[in-house]
Amino acid sequence: MPKPDIYVSVDIEADGPVPSLHSMLSLGAVALDTSGVELGEFSVNLQTLPAAQGHPTTMAWWKTQEAAWIACRENPEDPASALPRFARWLNALPGQPVFVGYPASFDFMFVAWYLNRFAGENPFGWSALDLKSYAMAKLGVGFSETIKRKMPPAWFANARKHRHVALDDAREQAELLIAMLRS
């Protein structure tokens, strides 16, 4: 019998656009069953990679996000210990973890690279659920027209302020997913 899907809303913060050239600074994840019941959360701030450097454009942007920068630099852990712990958390979920992101392409490439590099496995496999693409399909509009301000207000009834704090933003995405699934 196949394992049930467990939606894992993931958000990361990074100091540039490419894993290994740049570092993932923070990782937040919220796990939900298909009915929207929260099953747990995971959060960690990470030490930067020794050979990586912050991208100038990204670092300039971080200077405009003081509170978020402070939050993602508190108590950073070595990825070599944090990512195996994240993999164990994912593997302990009562079903198959399904990566959920907005946009999934950015967050997934960092998470996949870090999990493979530091945990030796990626429990998500090689696919992810992109909420923007899902919204495009639900709304029947083009990809470039699929922006939050044009989405149904009901999808944001419990909207949180997007703070660029990984766990908070992962929870915001999880709430959006559940609203989309229920509409």
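Brief remarks follow.
- Entry remark, the stretch 36-57: residues being free of Cβ contacts under 8 Å to residues at least 24 places away in the same chain and under 20 Å from residue 169 (Cα atoms) number 1 in total.
- Qualifying residue in the stretch 154-172 (condition: modelled with pLDDT of 95 or more, farther than 30 Å from residue 88 by Cα and either out of contact with any helix residue (DSSP H, G or I) (no Cβ under 6 Å at 6 or more places or on another chain) or of a type outside the set (Asp, Glu) (or both)): no
- Which numbered condition residue 3 misses (of (1) farther than 22 Å from residue 114 by Cβ; (2) among the charged types (D, E, K, R); (3) at pLDDT 95 or above): (3)
- The residues of the stretch 1-13 that are among the aliphatic types (A, V, I, L, M) and either closer than 9 Å to residue 28 by Cβ or surrounded by 24 or more Cβ atoms within 10 Å (Cβ to Cβ) (or both), listed by number, are 8, 10, 12.
- Boolean, residue 147 is out of contact with any strand residue (DSSP E or B) (no Cβ under 7 Å at 6 or more places or on another chain), at pLDDT 95 or above and hydrophobic (A, V, I, L, M, F, W, C): no
- Residues (under 30 Å from residue 120 (Cβ atoms) and free of Cβ contacts under 8 Å to residues at least 24 places away in the same chain) located in the stretch 58-85: 81
- Whenever a residue of the stretch 140-165 is surrounded by 14 or more Cβ atoms within 10 Å (Cβ to Cβ) and assigned to a loop (DSSP other than H, G, I, E, B), its partners that are among the polar types (S, T, N, Q) and modelled with pLDDT of 90 or more, lying with C-beta atoms within less than 8 angstrom and at least six residues away or across chains, give the pairs 146/133; 164/65; 165/26.
- Filtered by the rule that a residue be buried (at least 22 other Cβ atoms within 10 Å of the Cβ) and farther than 20 Å from residue 35 by Cα, the stretch 86-101 gives a lone residue, 86.
- Entirely in the stretch 16-130, the strands (runs of 3 or more DSSP E) that have 2 or more residues that are small (Gly, Ala, Ser) and at pLDDT 95 or above: 24-32, 38-45
- Every residue from the stretch 102-122 that is crowded, with 20+ Cβ neighbours inside 10 Å, over 19 Å from residue 21 (Cβ atoms) and either in contact (Cβ under 8 Å) with a residue 40 or more places away in the chain or more than 17 Å from the chain's Cα centre (by Cα) (or both): 102, 119
The values are calculated or read from the model by the stated rules, or taken from the named source; none is laboratory data. This is a predicted model, so every value here is computed, not measured. Please note: Cβ atoms are built from the backbone with ideal geometry, for glycine as well, and neighbour counts cover all protein chains shown.
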